[in-house]
Amino acid sequence: MTIYLHDTLQGEKLPFEPHIEGEVTMYLCGPTVYNYAHIGNARPAVVFDLLARILRRRYKLTYARNITDIDDKINQASIETGKPIDEITAQYIKAYNDDMGALGVQPPDIEPRATQHVDEMISMISLLIEKGFAYEAEGHVLFDVSSNPDYGSLSKRDLREMIAGARVEVAPYKRSAQDFVMWKPSTPELPGWESPWGRGRPGWHIECSAMSEKHLGKTIDIHAGGQDLVFPHHENEMAQSTCAHDGAPFARYWVHNGFLSLDSTKMSKSLGNVLLVHDMIKDVPGEVIRLALLSAHYRQPLDWSEETLESAKRMLDRFYGALRGVTVSESGPPDAVVEALEDDLNSPKALAEMFSVARQLNKSTDAAERQALASQLRAAGDLMGLLQSDPDEWFAGGTGGELSADEIEALLEERKIARANRDFAAADSIRDKLSSAGIVIEDGADGARWRRS
Ligand code: AMP
Ligand code: ZN
């Protein structure tokens with residue numbers, strides 16, 4: 001089967017064909033490193049990690065996820081905290097990678113940093129001036145949107161309407177309100193680099209155009225990011241790159257994830273409803289958060305609530321419950337799971353297919369069949385970045401229980417002895433005690449097993 005992806009530029013789901021047979025390049029706009037990633041920021045990291053895993057099954061993938069370490073918000077954080085910029089960015093790069101790692105996100109192949117590519121940005125800006133797509137004004141370099149007839153095609157905006165609707169206060173150095181900054185002057189206390197236009201710093205959009213060209217070439221197969229980046233960020237990246245490259249397509253497929261809201265509200269610092277992954281993983285296993293993020297189709301909005309996590313936890317309990325006590329062997333994932341994921345990354349369908357395997361596994365009494373099904377389920381988990389724990393450890397490691405695994409085991413042993421002595425009152429009282437601590441006991445032929453509810 002062919003992989004299908006929804007392309008924002010064409011506005012439809014298309015069969016995926018890489019530019020060079022057998023090889024795929026993918027670029028995801030990564031974090032701006034001045035604070036911890038919130039759960040919305042984690043959505044593209046997790047979703048495109050899954051896409052990378054799917055692509056790697058068939059192609060040699062080069063996946064770049066950049067780090068924006070030049071940005072006014074970083075400068076502001078440095079002024080506010082009194083910490084040097086390098087210290088702030090190093091701290092949050094590490095935190096980002098640790099936090100995403102906890103969500104099962106594999107490191108990308110390349111993690112280019114803006115600060116290490118300023119020369120490439122200056123070269124690209126110079127080329128755009130030379131070719132007549134950009135102009136210098138008062139130490140700034142601006143992209144002249146009127147020079148690019150395709151401007152607006154990605155975000156489906158009409159440039160004339162945009163100009164007509166523009167607010168009145170336009171910076172005096174701009175020829176048109178829509179022209180965007182590729183280079184701007186820096187004051188002595190702010191970070192700056194020498195350039196043909198004086199000491200200054202690059203704008204955000206040129207960072208991605210220059211870094212993707214350097215590492216992935218002029219035409220990349222997949223450019224990914226959150227929906228909010230379509231305009232202006234991706235529209236501007238596309239304008240810069242196609243104009244610098246004499247019209248060569250910049251990205252063959254533009255793939256965007258939908259937005260995550262919190263209890264039906266936009267997550268925002270000013271509303272005080274921002275959930276940081278860094279905090280969440282102290283209380284909730286990363287795998288639960290990953291599954292919760294993958295429980296909705298990546299292009300759909302995802303409304304996050306306590307229930308999202310609870311239901312993800314229940315799903316994992318069901319998977320691990322089915323796998324418990326069954327030895328797994330080498331296997332590929334079920335075709336139905338792969339087909340769902342190759343069809344525009346339909347993770348909810350893939351999860352439903354995994355449930356169907358888990359149900360068959362629970363029903364089956366044939367040892368060989370149970371082993372085959374468990375192996376397939378585990379392989380599906382490998383592909384999704386889930387089910388990596390030992391099932392017994394999963395149930396032992398639940399969060400929020402007051403009893404430790406050792407204490408629970410000791411109580412179960414006491415209960416076993418009580419039952420052997422036909423002291424059912426004592427056995428029931430131990431069961432009640434465990435139950436009120438959120439421990440569920442499952443009596444089976446080979447003794448009692450427990451899990452946290
Ligand atoms: P930023 O650091 O704001 O540039 O965001 C990093 C990535 O997270 C971008 O791909 C954004 O599109 C994405 N993003 C930010 N907020 C959300 C959200 N609430 N839901 C989904 N994606 C988001
Ligand atoms: Zn970008």
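The values are calculated or read from the model by the stated rules, or taken from the named source; none is laboratory data. Bear in mind the structure is a predicted one, so any value in this text is a computation, not a measurement. Here the Cβ positions follow ideal geometry from the backbone for every residue, glycine too, while neighbour counts run over all protein chains shown. Side chains included, ligands, DNA and RNA excluded: accessible areas come from the protein's heavy atoms. Shrake-Rupley method; radii C 1.70, N 1.55, O 1.52, S 1.80 Å.
What is the percent of Cα-Cα separations in the range 4-257 that go past 28 Å? The answer is 34 percent, as a whole percent.
Pairs Lys94/Lys282; Lys313/Lys416; Lys83/Lys214; Lys60/Lys94; Lys269/Lys313; Lys60/Lys214: which exceed 23 Å Cα-Cα? In this structure, Lys313/Lys416; Lys83/Lys214; Lys60/Lys94; Lys269/Lys313 exceed 23 Å between Cα atoms.
Keeping every protein chain present and rolling a 1.4 Å probe, give me the accessible area per residue for the chain in Å².
Details: 20850 Å² over 453 residues.
With the other protein chains kept in place, the chain gives 46 Å² per residue.
The distance from the alpha carbon centre of the range 51-110 to that of the range 269-290 is 17 Å, rounded to a whole number.
Could you put Met121, Met315 in order of accessible surface area, largest first, with the 1.4 Å probe and the full protein assembly present? Walk me through the intermediate numbers first.
Values: Met121 0, Met315 40 Å².
So, going from the largest accessible area down, we get Met315, Met121.
Beta bridges assigned by DSSP with both partners in the chain are antiparallel in approximately 50 percent of cases.
Of all DSSP-defined beta bridges confined to the range 11-156, some 35% are antiparallel rather than parallel.
Whenever you get a sec, compute what percent of the accessible area on the chain sits on carbon and sulfur atoms (1.4 Å probe).
On the way: 10090 of 20850 Å².
Answer for the chain is 48 percent, counting heavy atoms of protein chains only.
Normalised size of the range 123-223, defined as Cα radius of gyration per 2.2 N^0.38 Å with N residues, equals 1.15. Of the three principal axes defined by the Cα atoms of the range 299-453, the extents in descending order read 57, 40, 21 Å. Here the range 1-44 and the range 338-362 have alpha carbon centers that stand 21 Å from each other. Here is the P(r) of the range 3-140: all C-alpha pair distances, binned every 10 Å from 0, give 10, 30, 31, 23, 6, 0 in whole percents.
DSSP assigns beta bridges within the range 4-257; of those with both partners inside it, close to 45 percent run antiparallel. In this structure, the amide hydrogen of Asn257, modeled 1.01 Å from its nitrogen in the peptide plane, lies closer than 5 angstrom to those of Gly225, Gly226, Gln227, counting only residues at least 5 positions away or on a different chain.
Please report the relative contact order for the chain, taking Cα pairs under 8 Å with a sequence separation of at least 6, and give it as a percent rounded to a whole number. Walk me through the intermediate numbers first.
On the way: 706 pairs, mean separation 72.8, N = 453.
Normalised by residue count, the contact order of the chain is 16 percent.
How long is the gain from Tyr4 to Ser429 if the chain were fully straight, where each residue apart is worth 0.36 nm and the alpha carbon distance is subtracted? Let's see the in-between values first.
Numbers: separation 425, 0.36 × 425 = 153.00 nm, distance 5.62 nm.
Taking Tyr4 through Ser429 to full extension adds about 147.4 nm, to one decimal.
Based on the Kirkwood approach, the hydrodynamic radius assigned to the range 157-273 is 16.9 Å, with every pair of different Cα atoms included. Classify the range 398-452 as rounded, prolate or oblate from the Cα gyration tensor: take a ≥ b ≥ c as the square roots of its eigenvalues, call it rounded if a/c is under 1.5, otherwise prolate when a/b beats b/c and oblate if not. In terms of gyration-tensor shape, prolate.
Please give me the summed charge of the neighbours of Lys13: other residues whose Cβ is under 9 Å from its Cβ, Lys and Arg +1, Asp and Glu -1. That works out to -4. Enclosing the Cα atoms of the chain in their convex hull gives a volume equal to 159 cubic angstrom per residue.
Under 5 Å from the amide H of Ala137 lie the amide H atoms of Leu142, each residue being 5 or more positions distant or on a separate chain, with H modelled from the backbone and absent for Pro and chain starts.
Per 0.36 nm of contour for each residue apart, how much would the distance between Asp228 and Ser176 grow if the chain were fully extended, relative to their Cα-Cα spacing?
Values: separation 52, 0.36 × 52 = 18.72 nm, distance 2.31 nm.
Full extension of this stretch gives 16.4 nm more.
Summing +1 for each Lys or Arg and -1 for each Asp or Glu among the other residues whose beta-carbon sits under 10 angstrom from that of Asn362 gives +4.
Ranked by the mean number of other Cβ atoms within 10 Å of their residues, highest first, the peptides 276-286, 421-431, 137-147 fall in the order 137-147, 276-286, 421-431.
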